[in-house]
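Participant: Below you'll find the structure I mean.
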């Protein structure tokens, strides 16, 4: 099944990505004009992208059909434009271990029990901003690369490997055995500062309601926290990810 990509920025980055194949763009005359003006300096799109123009009503019908193919609920198409493309070939866990062994410095983010696609997309966008090498998250049986995920990721899905793992505890142990320093973000930790270098490091985060699971906690030996400066101690996980990456991995 092809990826169904919503969001003007995400569509533009997918078209610009040399590794993307089988691109088919669905757009109105006006939305195509906006895409070219905002992201391609008014020039024509690359030849590899097959452009199909529709009236607004027909475009919505086409979108409904693409959503139904994927068993997704009907939803609004932002900017009246969407793209289908062959999925990218990104790392699996085995490739992650290979890269860790080969690279002297690698920056990773591990997400435990973070299931909301909008949070996941926002975090991936932040990971791209900080030039991380990959984001790892627990596999819950469903694919997270939905149209909404692509829209929120704003193009980051083209560049940052998003790795599904069935057992994060096992992955964390293996990473540490391979020389990766794993830092668990935990609200109760009294350690708010730590010295990091340009070596191999992985920041581990849990869901905002429950934090890191007990199973994964047992695999970690070092924890840090973000000190609150006001009466509210918790943050949305995507906001916490941005602050933690700036503080501990940048």
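Just so you know, all these numbers are worked out from the coordinates, no wet-lab data involved. Since the structure is predicted, the reported quantities are computational estimates derived from the model, not experimental observations. Because the Cβ atoms are built from the backbone with ideal geometry, glycine has one as well, and the counts that use them run over all protein chains shown.
Participant: Using the number of other C-beta atoms within 10 angstrom as an exposure proxy, rank 36, 52 with the fewest first.
Facilitator: Listed from fewest to most nearby Cβ atoms, that is 52, 36.
Participant: Computed over the Cα atoms, what is the radius of gyration of region 3-85 divided by 2.2 N^0.38 Å, N being its residue count?
Facilitator: Cα Rg divided by the expected 2.2 N^0.38 Å: 1.02.
Participant: For 133, 34, 3, 103, what's the fewest-to-most ordering of other Cβ within 10 Å of each Cβ?
Facilitator: If I rank by nearby Cβ atoms, fewest first, I get 103, 34, 133, 3.
Participant: How far is helix 117-129 tilted off the main Cα axis of the chain, in degrees rounded to 10, range 0 to 90?
Facilitator: Long axis of 117-129 versus the principal axis of the chain: about 80 degrees.
Participant: If you find the alpha carbon centre of region 1-26 and of region 168-214, how far apart are they in angstrom?
Facilitator: 33 Å
Participant: Continuing with this model, one more query. Determine the principal axes of the Cα atoms in region 93-249, then give the extent along each, sorted from largest to smallest and rounded to whole angstroms.
Facilitator: 37, 34, 28
Participant: With the contact rule set at Cα under 8 Å and sequence spacing of 6 or more, what percent relative contact order holds for the chain?
Facilitator: The value is 22 percent.
Participant: Ignoring everything except DSSP H segments at least 4 long, calculate the 222 nm mean residue ellipticity for the chain; use -39,500 (n - 2.57) per segment, divide by total residues, nearest 500.
Facilitator: Theoretical 222 nm ellipticity from helices: -10000 deg cm²/dmol.
Participant: Once each part is reduced to its C-alpha centroid, what is the distance from region 92-142 to region 40-90 in angstrom?
Facilitator: Centre-to-centre (Cα) distance: 27 Å.
Participant: Right, another one. Nearest 5 percent is fine: what portion of the DSSP beta bridges confined to the chain is antiparallel?
Facilitator: Looking only at bridges with both residues in the chain, the antiparallel portion is about 25 percent.
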